[in-house]
Amino acid sequence: MTQDGISVVIPVLDDRAGLALTLAALAEQRRRPDEVIVVDGGSRDGSAELARQWGDAGLTVRVLHAPATSIGGARNLGVRAAHHPWVACTDAACVPVPGWLAAIDAHRADADFVAGIVLLRADNALQRVVAVTHYPSADELDDPPRWVTVSHRLFGRGHEPDRVGGGSMAFSVAAWRAAGGLPEAHQAGEDRGFVLAVMAAGLRVVRSRDAAVRWPPPPTWGGNVRQFHRYARGDVRLPGRARHVVRAVAWTLAPAAALRGGPRTRAACALCGLSYLALPVRRARSVGLPVAEWGWRMPLAIAVKDLAQVSGAIAGVLDAARSAGRR
């Protein structure tokens, strides 16, 4: 293992087009990766072959085959194979900005784990609404207004210390060992499980605004349902699962209270709903989205996401029960 290099690990499964975007962005980094390890989960669309072509084009690329491996297992396999003491992780379809790896490199002296940020790429109206409704905003990373901070704590959507996506994170191999690697049993949520273990081990975690990647959320309603269902299915098995219970209770009781309650109850429900919408509306206005584009999509997108997460959390609880029954 060399002393100064950074390996980049990318898991992929049947996303040749997305991988092409990621590798092209890595080739344009101001600080080039010392090696790129693509861990292929059994792709049938030529993803592995594409990665090898980029190796011939100037990037140092290795391809590891890991059919039927979870995303946490794929990342761990890549870390074990790394030739360098630091590993940066991203995903196929993520497009690191030109200074992504340089920003990670700059923090290696004062951190064990670098948490980057995700900038949403949006090509249609649904993606633009989803971007302002569901995901953290880079503009709110440093010193947001007090009410925005309160909204983050109540409803999420902020850059929380334990909310780090696998599309932009980096760590020393020593920190990876100290945290026990990424959890491999979950089909999603392995990135949050890992950063929770890093924090529990007392390792140094920093957030870097400049370690940014661009990523497109699913462009369809069905794609968003599947994504948030999958996220919650893994996340509910990690600490902090109480919010899934709160979400399920809220969506069970609030509609009944609004329909059958008195004026005060209905007013309270309306106030809660407006509070939930306040931050997304602020963001939509700040980026200039026309009301005609987000007016009806925003509340529907929130309902779709929350109900998909409720169903995913239920599925995750059943997964855990089945796993316990097999022991």
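The values are calculated or read from the model by the stated rules, or taken from the named source; none is laboratory data. Model, not experiment: these values are computed from the prediction. A quick note on method: Cβ atoms are made from the backbone with ideal geometry, for glycine too, and the neighbour counts reach across all protein chains shown.
None of 30, 62, 52 is out of contact with any Cys (no Cβ under 9 Å at 6 or more places or on another chain), without any contact (Cβ under 8 Å) to a residue 12 or more places away in the chain and within 23 Å of residue 86 (Cα to Cα) except 52.
Within the stretch 47-93, how many residues turn out to be among the small types (Gly, Ala, Ser) and either outside any helix (DSSP H, G or I) or at positive phi (or both)?
9
When 261, 288 are checked against the criterion of being without any contact (Cβ under 8 Å) to a residue 12 or more places away in the chain, in contact with a Cys (Cβ under 8 Å, 6 or more places away or on another chain), of a type outside the set (Val, Ile, Thr) and assigned by TED's automatic domain parsing to the domain that holds residue 230, a single residue qualifies: 261. Per the listing 168, 172, the residue uniquely closer than 16 Å to residue 74 by Cα, among the hydroxyl-bearing types (Ser, Thr, Tyr) and out of contact with any Cys (no Cβ under 6 Å at 6 or more places or on another chain) is 168.
Reported count of residues in the stretch 307-327, each being among the charged types (D, E, K, R) and in contact (Cβ under 8 Å) with a residue 12 or more places away in the chain, is 1. I'd like the residue in the stretch 174-193 that is crowded, with 23+ Cβ neighbours inside 10 Å and in contact with a strand residue (DSSP E or B) (Cβ under 8 Å, 6 or more places away or on another chain) and, out of all such residues, is modelled with the lowest pLDDT. By that ranking, first place goes to 191. Residues in the stretch 252-306 that are over 25 Å from residue 233 (Cα atoms) and in contact with a Leu (Cβ under 8 Å, 6 or more places away or on another chain): 275 alone.
Which one of these is over 18 Å from residue 97 (Cα atoms), buried (at least 22 other Cβ atoms within 10 Å of the Cβ) and modelled with pLDDT of 90 or more: 205, 114, 130, 213?
Matching residue, one of 205, 114, 130, 213: 130.
All of 271, 277, 289 fail the test of being in contact with a helix residue (DSSP H, G or I) (Cβ under 8 Å, 6 or more places away or on another chain), at pLDDT 85 or above and assigned to a helix (DSSP H, G or I), apart from 277. Set side by side, the residues 122, 131 differ, and just one is assigned to a loop (DSSP other than H, G, I, E, B) and of a type in the set (A, V, I, L, M), which is 122.
Go through 315, 267, 248 for me and flag whichever is outside the structural domain of residue 155 (by TED's automatic domain parsing), of a type in the set (Gly, Ala, Ser) and farther than 30 Å from residue 192 by Cα. So the residue among 315, 267, 248 that is outside the structural domain of residue 155 (by TED's automatic domain parsing), of a type in the set (Gly, Ala, Ser) and farther than 30 Å from residue 192 by Cα is 267.
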